[in-house]
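For reference, the structure is listed below as structure tokens.
None of the figures in this text is laboratory data; all of them are computed from the coordinates on show. These figures come from a predicted structure and were not determined experimentally. FYI the Cβ positions are ideal-geometry reconstructions off the backbone, even for glycines, and counts take in every protein chain you see.
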Amino acid sequence: MAEGPLVHYYASRLKRVLDGRYASIELRLPRFKPSEVSLKRVKVREVEAYGKQFRIWLEGGKVLFVHLMMWGSWGIYRKGQPWERSGERARAVIRTSTHEAVVFSAPVVRLLTREEFENHPRWGRVGPDPLRKDFSRKDFYNRLAKRPEMPIGEALLDQSIISGVGNILRIEALFRAGVHPRRKTAALSPRDRRALLRWIVSFMKRWLDDRNSASRWMKIYRKSGKPCPRCGAKIESFRQAGRITFACPNCQC
């Protein structure tokens with residue numbers, strides 16, 4: 001799954017070739033065919049990254065909403081340049097006079113009005129994104145407080161609490177903060193919350209600045225049964241919120 005740093009990386013590249021440009025948008029799903037007539041020449045107002053979401057705001061108040069989930073990816077090409085993937089996997093193609101931006105295999109591609117998007121129960125009401133300038137620590141802490149019985153390992157994957165955190169980020173941040181994923185959010189001290197958020201922000205920024213950096217700061221992800229790099233205890237693994245979770249039973253409490 002594309003975690004927040006990768007989404008922001010792609011969005012920064014898309015902004016350079018799409019923001020303020022006129023584009024033709026081809027939506028390669030049957031349900032979109034009636035709307036394509038209005039997408040032959042449309043101005044892209046802004047490409048926005050929010051957590052794991054791409055929001056491509058168009059003139060006329062519409063948004064092309066994309067979520068890559070586990071399988072999607074973007075390709076950005078100069079006009080006439082061959083695509084690296086099969087056209088059969090393309091879900092949307094955005095063409096300007098100089099470039100083509102193609103989203104491949106994304107299971108979520110929607111063309112919505114602003115009102116439809118903002119009122120969507122899942123996509124329109126997400127938590128604060130640590131990589132955005134409008135990120136609010138207070139908002140994050142308040143959202144955590146509203147889920148006192150939720151294990152913190154599950155809370156960090158809940159995009160309505162904090163946006164952009166995926167499995168790798170939450171596992172490594174919890175390890176560095178010394179917090180076990182099964183601890184209830186109500187059991188976290190102010191110090192725990194501050195340490196956890198500090199590591200989340202640090203890892204997100206490192207990953208955004210260098211997409212190959214994760215291999216250097218990952219310590220326990222996929223290390224089940226191996227010694228903890230801090231205390232030597234065996235790293236445990238268990239399923240949480242549908243994902244495999246890793247933790248040290250000794251260092252994280």
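What percent do you get for the relative contact order of segment 107-199 when only Cα pairs under 8 Å and 6+ apart count?
Values: 101 pairs, mean separation 23.9, N = 93.
Averaging sequence separation for qualifying contacts and normalising by length gives 26 percent for segment 107-199.
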Distance between the C-alpha centers of segment 104-131 and segment 6-24? Whole Å please. 17 Å
In segment 119-213, GluC sites (Glu not before Pro) in a DSSP loop with at most 11 other beta-carbon atoms within 10 Å: GLU149
For the table LYS40/LYS79; LYS15/LYS219; LYS138/LYS219; LYS62/LYS205; LYS40/LYS62; LYS15/LYS133, the rows whose alpha-carbon distance is greater than 23 Å are LYS15/LYS219; LYS138/LYS219; LYS62/LYS205
Segment 140-186 and segment 215-231 have their Cα centres apart by a whole-number Å value of 19 Å
Along the dipole axis of the chain (charges at Cβ: +1 for Lys and Arg, -1 for Asp and Glu; origin at the Cα centre), the most positive-end residue among TYR9, SER73, ILE152 is ILE152
Report, in debye and to the nearest 20, how large the dipole of the chain comes out about its Cα centre when Lys and Arg carry +1 and Asp and Glu carry -1 on their Cβ. 500 debye
Quick check: residue separation of ARG122 and ARG239 times 0.36 nm, minus the Cα distance between them. What number comes out in nm? 39.8 nm
Structure-derived Kirkwood radius over Cα pairs in Å: which label, when the choices are (1) 18.3; (2) 19.5; (3) 18.8: (2)
Taking R0 as 22 Å and r as the Cβ-Cβ distance between SER202 and ASN142, the FRET efficiency 1/(1 + (r/R0)^6), rounded to the nearest 0.05, comes to 0.50
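Any idea what the relative contact order of the chain is, in percent, if you count C-alpha pairs under 8 Å spaced at least 6 apart?
Values: 476 pairs, mean separation 39.9, N = 253.
Value for the chain: 16 percent.
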Residues whose modelled amide H sits under 5 Å from the amide H of HIS180, counting only those 5 or more places away in sequence or on another chain, are CYS253
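Would you compute, from DSSP H runs of 4+ residues alone, the mean residue ellipticity of the chain at 222 nm, taking -39500 (n - 2.57) per run and dividing by the full residue count, rounded to the nearest 500?
Details: 7 runs with 68 residues, N = 253.
Dividing the helical sum by the residues of the chain leaves -8000 deg cm²/dmol.
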Fully extended contour minus Cα-Cα distance, from ASP210 to GLU26, at 0.36 nm per residue: 63.1 nm
In degrees between 0 and 90, to the nearest 10, how far off the longest principal axis of the chain does helix 190-209 point, with axes built from Cα atoms? 40 degrees
